[in-house]
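Asker: Here it is, the structure in full.
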Amino acid sequence: MKISNETIIEMYEKMVKIRKFENRALNLFAEGQFGGFVHLYIGEEAVATGVCESLREDDFITSTHRGHGHIIAKGGDLKYMMAELYGKDTGYCKGKGGSMHIADATKGILGANGIVGAGHNIATGAALGIQYKGTDQVCACFFGDASTNQSTFHEGLNLASTWKLPVVFICENNGYGISVSQARHQNITDISQRAVSYNIPGITVDGNDVFAVFEAVSEAVARARKGQGPTLIECKTYRWRGHFEGDPTVYRPEGELEQWKKKDPIPRLEKYMLENQVMTQEEMDKLNEKIDALVEEAVDFAQASKFPDVSSAVEDVYTDIIEEGRSR
Amino acid sequence: MRELTYGQGIKEGMRIKMLENPDVFIFGEDVGLFGGCFGVTAGLFEEFGEKRVRDTPISEGAIIGAAVGAAAVGLRPIPELMFVDFATVGMDQLVNQAAKMRYMFGGKLKLPMVVRLPSGGGVAAAAQHSQSLEAWFTHVPGLKVVYPSNAQDAIGLMLSAIDDDNPVIYLENKTLYAVASQVEDEVKPIPLGKANIKREGSDVTIITYGKQVYDSLKAAEMLEKDGIDVEVVDLRSLYPLDTEAIFESVKKTHKVVIVSEEAKRGSYAGEVAAIIADECFYECDAPIKRVCALNTPIPFSGNLEAYVLPNADDVVQAVKSLF
Ligand SMILES: Cc1ncc(C[n+]2csc(CCOP(=O)(O)OP(=O)(O)O)c2C)c(N)n1
Ligand SMILES: [Mg+2]
């Protein structure tokens, strides 16, 4: 598959954006600038990037608790994301959601999700909506290895395959569900095997190789657009940080993280780009600086924004009913 | 006496029974190697081994369901769900299976199991990790429900819950895990259905449990300055309910405020109010008040969350409205 330089540069930009946003968020969290549960995606950037680069603006995604990367890759605005991490009223969810619940309906982002496994069926439902309306959109469903032990995984794949729905299931296999390694949570190593039970294509790719992800997902998206149903794509990758910020990661075998850091998807892509004259070092540096500035702009925006007025707490529960105010 | 945190109390209750009875065992997500998301089971994996302290896959249906099956064949499992919010995922196993099997089968089975469910807000965990869902469980015939507020009660209620031959929902407030309090050297089981008068008073009864015990005691102190003498009843056990203790207190004070962290609509607090209205209406000389959270999901942002959840000031206001 020939991938244009333009696409490669776009993917590079997305990956760096995710990395820099996350590194900044990590430091801000450590400084106590905001609280809550923050699950970082550092190390897994090639997955979200390769997937979302295969999608159109009008396609949908469902995300997870570890959603920042998906949202950035699908076109989320760093300013509104950072403001949401701070719980500010300019944030994507007006401060009601926080890191775990960022959504942007205008970009087809059907939401990060705090319930492990909730996305499988929601993505299937979005695909049902697409099929019903007869458009050629698709929905990509992100989920972790450990979520494939929820009944929703099996229900969603079964329904999607039976009804030939335009959904692409993206398993981010980072080897763990919190502290429990894959070998301790399921008796298989390749989650793509599970596609067999639903008679759909299932493939495993190197999730730290953005080209491999892009190619596999592009093919699956093409099938889905043609009405040929879902695909299960397993991307093997690794999270560098703890499960959430503050996790002491006692469960990691010594040396495992270091091994994976050698497979960092970003330098890998940089090397390719330099060797194939996609970009010069100087151009890359410039792009990096531009992204640094974007991240700083997001932090400034978030810090300058105000916290939501408490009266907003009772809004958005329904479209039409606003609960009586602070009457207990 | 000695000092223990609430979390340590929960663990001690489980540990005593595990030492005593090899049929008692624990399983749940990250309860083993990791020691539990809130550290409650820390050290038990090392002490009792993987057979009795098991990490499960992320499968709440299987966690509750496996507890039902294991209990049905004679074990006394203690499944843990990481957050009460995830009970939704295992709800069929809890509501249609655990709660009903004994009755449907004409009393042929016993299901001794204790389901541990960390509850409540106040930790910026947002809408899907902060709920107070006790009304769902108390609504279902076949389930018992307890909710300790301190280390001593955590131990005593755990001992009774594990010995009970019925499914017991053991709710824990996650803001209390690190709160230390004095505990007797040897804690006796606290029978399910026994409330605890945390503070005696003659002017008004506050009925509460869990974290709101602290808010209510704080409110009682504030009200004392205004010359209002408050009695605070910690229910500890939501079902069975110590109606005797409630009625006795109401007959003394003639005024009642019920405090819980639930969304007010359809709350367990409403059930307590209804029971008092049914049985004790003529003893009340003011409306029965509930202080609960607003009827919204729990928001992320700190100021919104604080606004939605009830606090000591809300309790003070509610009490004052009765005078
Ligand atoms: C229904 C449910 N159960 C448990 C959790 C707690 N939890 C949050 S993330 C997580 C691990 C998820 O692992 P995986 O799906 O592999 O995604 P990863 O975190 O590795 O990206 C767990 C157990 C939850 N949020 N929802
Ligand atoms: Mg994982």
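Asker: In the range B:309-323, which residue that is in contact (Cβ under 8 Å) with a residue 40 or more places away in the chain and assigned to a loop (DSSP other than H, G, I, E, B) is nearest to A:LYS96 (Cα to Cα)?
Answerer: B:LEU309
Asker: Turning to a different aspect of this structure: Could you tell me which residue of the range B:267-308 is nearest to the other protein chains (Cβ to nearest Cβ), considering only residues that are part of a loop (DSSP other than H, G, I, E, B) and surrounded by fewer than 16 Cβ atoms within 10 Å (Cβ to Cβ)?
Answerer: B:PRO287
Asker: Does the range A:177-201 hold any residues that are open to solvent by 40 Å² or more (accessible area, probe 1.4 Å) and more than 14 Å from chain B (Cβ to nearest Cβ), and which are they?
Answerer: A:THR189, A:ASP190, A:GLN193, A:VAL196, A:SER197, A:ASN199, A:PRO201
Asker: Before we move on, is A:GLU155 open to solvent by 10 Å² or more (accessible area, probe 1.4 Å) and either over 21 Å from A:GLY227 (Cβ atoms) or over 19 Å from the mean Cα position of the chain (by Cα) (or both)?
Answerer: When the stated conditions are applied, A:GLU155 passes them.
Asker: Among the residues of the range B:101-119, is any crowded, with 20+ Cβ neighbours inside 10 Å, within 30 Å of A:LEU85 (Cβ to Cβ) and away from ligand 1 (no atom under 14 Å from the Cβ)?
Answerer: Within the range B:101-119 (the criterion being crowded, with 20+ Cβ neighbours inside 10 Å, within 30 Å of A:LEU85 (Cβ to Cβ) and away from ligand 1 (no atom under 14 Å from the Cβ)), the answer is yes, since at least one residue qualifies.
Each row is one residue, and each column tells you yes or no for (1) assigned to a loop (DSSP other than H, G, I, E, B); (2) within 14 Å of another protein chain (Cβ to nearest Cβ); (3) closer than 30 Å to B:ALA306 by Cβ.
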{"residue": "A:LYS263", "(1), (2), (3)": "yes, no, no"}
{"residue": "A:PRO267", "(1), (2), (3)": "no, no, no"}
{"residue": "A:ASP285", "(1), (2), (3)": "no, no, no"}
{"residue": "A:ASN288", "(1), (2), (3)": "no, no, no"}
{"residue": "A:ALA293", "(1), (2), (3)": "no, no, no"}
{"residue": "A:PRO308", "(1), (2), (3)": "yes, yes, yes"}
{"residue": "A:SER312", "(1), (2), (3)": "no, yes, yes"}
{"residue": "A:ASP320", "(1), (2), (3)": "yes, no, yes"}
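Asker: Only one of (1) closer than 22 Å to B:VAL89 by Cβ; (2) within 16 Å of ligand 1 (Cβ to nearest atom); (3) in contact with a Leu (Cβ under 8 Å, 6 or more places away or on another chain) is not met by A:LEU159, so which one is it?
Answerer: Here A:LEU159 meets the rest and fails (2).
Asker: Being surrounded by fewer than 24 Cβ atoms within 10 Å (Cβ to Cβ) and assigned to a loop (DSSP other than H, G, I, E, B) is the filter here; which residues of the range B:11-37 pass it?
Answerer: Result: B:ASN21, B:PRO22, B:ASP23, B:ASP30, B:LEU33, B:PHE34, B:GLY35, B:CYS37.
Asker: Let me ask another. Using the structure shown, decide if A:THR204 is among the polar types (S, T, N, Q), touching a strand residue (DSSP E or B) at 6+ places or on another chain (Cβ under 7 Å), within 16 Å of ligand 1 (Cβ to nearest atom) and away from chain B (no Cβ under 14 Å).
Answerer: Criteria met by A:THR204.
Asker: For the range A:7-15, does any single residue satisfy the condition of being modelled with pLDDT of 95 or more, aromatic (Phe, Trp, Tyr) and part of a helix (DSSP H, G or I)?
Answerer: So far as the range A:7-15 goes, yes, one or more of its residues are modelled with pLDDT of 95 or more, aromatic (Phe, Trp, Tyr) and part of a helix (DSSP H, G or I).
Asker: Looking only at the range B:210-237, which residues are touching an Asp or Glu at 6+ places or on another chain (Cβ under 6 Å) and more than 18 Å from B:LYS320 (Cβ to Cβ)?
Answerer: B:VAL213, B:ARG236
Asker: Of everything in the range A:214-228, what is open to solvent by less than 10 Å² (accessible area, probe 1.4 Å) and in contact with a helix residue (DSSP H, G or I) (Cβ under 6 Å, 6 or more places away or on another chain)? Give them in sequence order.
Answerer: The one that is open to solvent by less than 10 Å² (accessible area, probe 1.4 Å) and in contact with a helix residue (DSSP H, G or I) (Cβ under 6 Å, 6 or more places away or on another chain): A:VAL217.
Asker: Step by step: first the residues of the range A:93-110, then only those that are in a loop (DSSP other than H, G, I, E, B) and within 11 Å of chain B (Cβ to nearest Cβ), then the one that is nearest to the chain's Cα centre (by Cα). Which residue is that?
Answerer: The selected residue is A:ILE102.
Asker: Given the range A:26-87, what helices (runs of 4 or more DSSP H) lie entirely inside it while holding 2 or more residues that are within 14 Å of chain B (Cβ to nearest Cβ)?
Answerer: In the range A:26-87, the matching helices (runs of 4 or more DSSP H) lie at A:78-85.
Asker: Would the range A:1-8 turn up any residue that is among the charged types (D, E, K, R) and open to solvent by 10 Å² or more (accessible area, probe 1.4 Å)?
Answerer: yes
Asker: What number of residues within the range B:239-262 satisfy the criterion of being part of a strand (DSSP E or B) and either modelled with pLDDT under 95 or under 20 Å from B:LEU143 (Cβ atoms) (or both)?
Answerer: 4
Asker: Do we find that A:THR90 is away from ligand 1 (no atom under 13 Å from the Cβ), of a type in the set (Val, Ile, Thr), open to solvent by 10 Å² or more (accessible area, probe 1.4 Å) and in a loop (DSSP other than H, G, I, E, B) in this structure?
Answerer: Criteria met by A:THR90.
Asker: I need every pair where a residue in the range B:34-57 that is within 16 Å of ligand 2 (Cβ to nearest atom) has its Cβ under 9 Å from the Cβ of a residue that is open to solvent by 40 Å² or more (accessible area, probe 1.4 Å) and part of a helix (DSSP H, G or I), sequence separation at least 6 or different chains.
Answerer: B:ASP55/A:ARG184; B:THR56/B:ALA62; B:THR56/B:ALA66; B:PRO57/A:ARG184
The values are calculated or read from the model by the stated rules, or taken from the named source; none is laboratory data. Owing to the predicted nature of the structure, the values given are computational and were not obtained by experimental measurement. Here Cβ is always computed from backbone atoms with ideal geometry, including for glycine, and neighbour counts include all displayed protein chains. Each accessible area value is taken on the protein alone, full model and side chains, heavy atoms only, with ligands, DNA and RNA left out. Shrake-Rupley method; radii C 1.70, N 1.55, O 1.52, S 1.80 Å.
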